[in-house]
Amino acid sequence: MRSGAKKKDVALVRVPGAFEIPIAARALAETKKYDAIICIGCLLRGDTAHYDVIVNEVTRGIGQSAQETGVPHAFGVLTCDTLEQAIDRAGLKMGNKGFEAAQAAVEMANLKKAVVGRSSLVVGNGQNKGKSNTRKR
C-alpha cells in the first residue's frame with residue numbers, strides 16, 4: 001500500500017448504514033489493535049429532516065469515539081445532495097475523499113506515535129506570546 005501499511009494489517013468492516021459507523025468504529029478502536037480508524041460512508045439528502053439527524057449523529061459519534069478511545073478516527077463520510085455529487089467526491093471531479101481520509105488517518109497515527117513517550121506536552125493556543133503551558137504525563 002502507498003502508506004507503507006501491510007495488507008494483513010488492514011481490516012475492512014462493513015456496516016448496514018452510515019448510522020452504524022460510530023459503533024463499529026468504537027468497537028474496533030477499543031480492541032487497541034489499530035493505529036487509526038478510517039470511517040467512510042455516504043449520506044444523500046432526501047426530502048425529510050432525517051438526513052440532518054443522521055449526519056449530526058454520525059459526525060458526533062465518530063468524534064466522540066475518537067476522543068474517548070484515543071485512537072485517531074478519520075472522517076470520510078460524504079454528505080451530499082445528489083448521487084452525482086457523491087460520485088464526483090469519491091474519485092472523479094472533486095478529488096477522492098476516501099483517499100484523503102486515509103492520508104489523514106496515517107498522519108494522525110504517526111503524530112500520535114511521535115507524541116506518545118514524550119515526558120511533557122506543550123499546550124497552547126498561540127496567543128501566549130512566547131509562554132507555553134506544560135503538562136506532565
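The values are calculated or read from the model by the stated rules, or taken from the named source; none is laboratory data. In this text the structure is predicted, and so the values were computed from the model without any measurement. Positions of Cβ are backbone-derived with ideal geometry, glycine not excepted, and every protein chain shown enters the neighbour counts.
Any residue at all in region 40-59 that's among the hydrophobic types (A, V, I, L, M, F, W, C) and under 17 Å from residue 105 (Cα atoms)?
Of all residues in region 40-59, those among the hydrophobic types (A, V, I, L, M, F, W, C) come to 40, 42-44, 49, 53-55, 58.
So of that shortlist, the ones also under 17 Å from residue 105 (Cα atoms) come out as 40.
Yes: region 40-59 contains one or more residues that are among the hydrophobic types (A, V, I, L, M, F, W, C) and under 17 Å from residue 105 (Cα atoms).
Considering only residues that are in a loop (DSSP other than H, G, I, E, B) and aromatic (Phe, Trp, Tyr), which ones fall in region 1-60? Show your work before the answer.
Within region 1-60, the first condition is being in a loop (DSSP other than H, G, I, E, B), and the residues that meet it are 1-6, 10-17, 31-36, 45-49.
Once the filter is applied, which keeps residues that are in a loop (DSSP other than H, G, I, E, B) and aromatic (Phe, Trp, Tyr), region 1-60 yields only 34.
Return the pair list, or none, for Cβ contacts closer than 6 Å from residues in region 45-67 that are closer than 12 Å to residue 79 by Cβ and in contact (Cβ under 8 Å) with a residue 24 or more places away in the chain to residues that are crowded, with 17+ Cβ neighbours inside 10 Å and small (Gly, Ala, Ser), at least 6 apart or on different chains.
The qualifying pairs are 58/18.
Do you know which of the residues in region 6-37 that are within 19 Å of residue 90 (Cα to Cα) and in contact with a Gly (Cβ under 6 Å, 6 or more places away or on another chain) is surrounded by the most Cβ atoms within 10 Å (Cβ to Cβ)?
Only one residue fits best here, namely 21.
Run down 98, 46, 70, 4 and say which single residue is at pLDDT below 95 and within 15 Å of the chain's Cα centre (by Cα). So that I can check it myself, show each step before the final result.
Values: 46 fails: within 15 Å of the chain's Cα centre (by Cα); 70 fails: at pLDDT below 95; 4 fails: within 15 Å of the chain's Cα centre (by Cα).
Of 98, 46, 70, 4, the one residue that is at pLDDT below 95 and within 15 Å of the chain's Cα centre (by Cα) is 98.
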